[in-house]
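Have a look at the structure below, then the notes.
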Amino acid sequence: MQRRLMLTALALAPLVGCTGQVDILSPAAADQPQKPAETGPDAATKPNQQSEKAMPPESENIKIIESEDEFNRLSAEERRVILNKGTERAYIGEYTDNEKKGTYICRRCNAALYRSDTKFHSGCGWPSFDDEIKGAVTRLPDIDGQRTEIVCTNCDGHLGHVFIGERFTTKNTRHCVNSISMKFIIDGKPLPPKLVLRSKAEAEKNPSTKG
């Protein structure tokens with residue numbers, strides 16, 4: 001009888017072990033430290049911390065638009081200068097004598113063009129700058145065959161002309177810009193989002209598609 005009970009217990013042991021309900025650990029298992037479950041604030045925030053590390057740095061403040069109709073609305077005079085490459089009359093521009101600290105942005109697309117610390121008085125009757133924000137301005141041969149036109153790199157809006165060799169500043173450069181082509185944002189106020197055409201943004205990401 002006693003032998004029969006022992007055989008029954010041995011037969012049931014493997015089945016009990018497979019259920020995972022055995023409380024008594026084998027000597028080998030007992031020697032292994034048990035890894036505690038991750039709990040508390042650290043466990044809760046760990047996934048978010050990993051996501052933050054994987055996130056790219058904050059990008060430029062831009063707004064993607066689908067067509068040129070979504071650029072800032074322009075008045076008839078603004079269109080004459082910015083789109084049709086006109087020139088406003090000398091000495092009447094609102095920024096010719098502006099000495100406040102801030103950033104000059106494109107009136108059509110809000111791209112930052114010039115900083116106030118590069119502005120100087122040239123006496124020419126238009127706002128003058130001896131340097132642009134890197135990459136913001138593109139130089140083109142003027143249709144008159146003599147001057148160099150400057151346009152907004154982002155939206156191709158006409159800004160004015162650039163002249164070299166006049167010795168007004170140590171940089172020996174004068175960007176002669178129509179006030180009407182720009183808007184001034186005083187230091188301390190946020191710049192509005194730069195309006196970027198989707199086609200242009202995609203071309204910048206994939207240079208092989210340009211042209």
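Out of Lys200, Lys119, which single residue is under 26 Å from Ile64 (Cα atoms) and basic (Lys, Arg)? Before you say what the answer is, go through the steps one by one.
Numbers: Lys119 fails: under 26 Å from Ile64 (Cα atoms).
Within the list Lys200, Lys119, the selection yields Lys200.
I'm checking my understanding of the structure. Among residues of the range 115-134 that are assigned to a loop (DSSP other than H, G, I, E, B) and in contact with a helix residue (DSSP H, G or I) (Cβ under 8 Å, 6 or more places away or on another chain), which one is nearest to Leu191 (Cα to Cα)?
At the first step, the residues of the range 115-134 found to be assigned to a loop (DSSP other than H, G, I, E, B) are 121-127, 130-134.
When the remaining residues are screened for being in contact with a helix residue (DSSP H, G or I) (Cβ under 8 Å, 6 or more places away or on another chain), the result is 126-127, 130-132.
Numbers: Trp126: 23, Pro127: 20, Asp130: 22, Asp131: 20, Glu132: 17 Å.
Taking the candidates together, the pick is Glu132.
In the range 138-174, what residues are surrounded by fewer than 21 Cβ atoms within 10 Å (Cβ to Cβ) and among the charged types (D, E, K, R)?
Arg139, Asp142, Asp144, Arg147, Glu149, Asp156, Glu166, Arg167, Lys171
Name the residue, out of Glu149, Glu88, Glu166, that is more than 21 Å from Arg73 (Cα to Cα), part of a loop (DSSP other than H, G, I, E, B) and among the acidic types (Asp, Glu).
Just one listed residue meets the conditions, Glu166.
Scan the range 87-113 for residues that are closer than 30 Å to Ala201 by Cβ and surrounded by fewer than 15 Cβ atoms within 10 Å (Cβ to Cβ) and jot them down.
Taking the range 87-113 as the starting set, the residues that turn out to be closer than 30 Å to Ala201 by Cβ are 95, 102-113.
Listed by number, the list is empty, since nothing qualifies.
Can Thr138 be described as of a type in the set (Ser, Thr, Tyr), assigned to a strand (DSSP E or B) and without any contact (Cβ under 8 Å) to a residue 24 or more places away in the chain?
So Thr138 passes the test.
For Arg108, are the conditions met, namely being closer than 24 Å to Glu77 by Cα and in contact with a Phe, Trp or Tyr (Cβ under 6 Å, 6 or more places away or on another chain)? Talk me through it step by step, then tell me what you get.
Details: closer than 24 Å to Glu77 by Cα: yes; in contact with a Phe, Trp or Tyr (Cβ under 6 Å, 6 or more places away or on another chain): yes.
Considered against the rule, which asks whether it is closer than 24 Å to Glu77 by Cα and in contact with a Phe, Trp or Tyr (Cβ under 6 Å, 6 or more places away or on another chain), Arg108 comes out as yes.
On the basis of being buried (at least 21 other Cβ atoms within 10 Å of the Cβ), modelled with pLDDT of 95 or more and not aliphatic (A, V, I, L, M), does Ser116 make the cut? If you could, list the steps in order and put the result at the bottom.
On the way: buried (at least 21 other Cβ atoms within 10 Å of the Cβ): no; modelled with pLDDT of 95 or more: yes; not aliphatic (A, V, I, L, M): yes.
Here the answer is no, as Ser116 does not meet what is asked.
Residue by residue, here is whether (1) touching a Leu at 6+ places or on another chain (Cβ under 9 Å); (2) among the acidic types (Asp, Glu) holds:
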{"position": "Lys101", "(1), (2)": "no, no"}
{"position": "Arg115", "(1), (2)": "no, no"}
{"position": "Asp130", "(1), (2)": "no, yes"}
{"position": "Gly157", "(1), (2)": "yes, no"}
{"position": "Ile164", "(1), (2)": "no, no"}
{"position": "Lys171", "(1), (2)": "no, no"}
{"position": "Leu191", "(1), (2)": "no, no"}
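Among residues belonging to the range 70-86 that are farther than 13 Å from Ser179 by Cα and in contact (Cβ under 8 Å) with a residue 24 or more places away in the chain, point out the one that is surrounded by the most Cβ atoms within 10 Å (Cβ to Cβ).
Phe71
The values are calculated or read from the model by the stated rules, or taken from the named source; none is laboratory data. Predicted model only: the values in this text are computed from it and were never measured. Ideal geometry is used to build each Cβ from the backbone, glycine not excepted, and the neighbour counts take in all protein chains shown.
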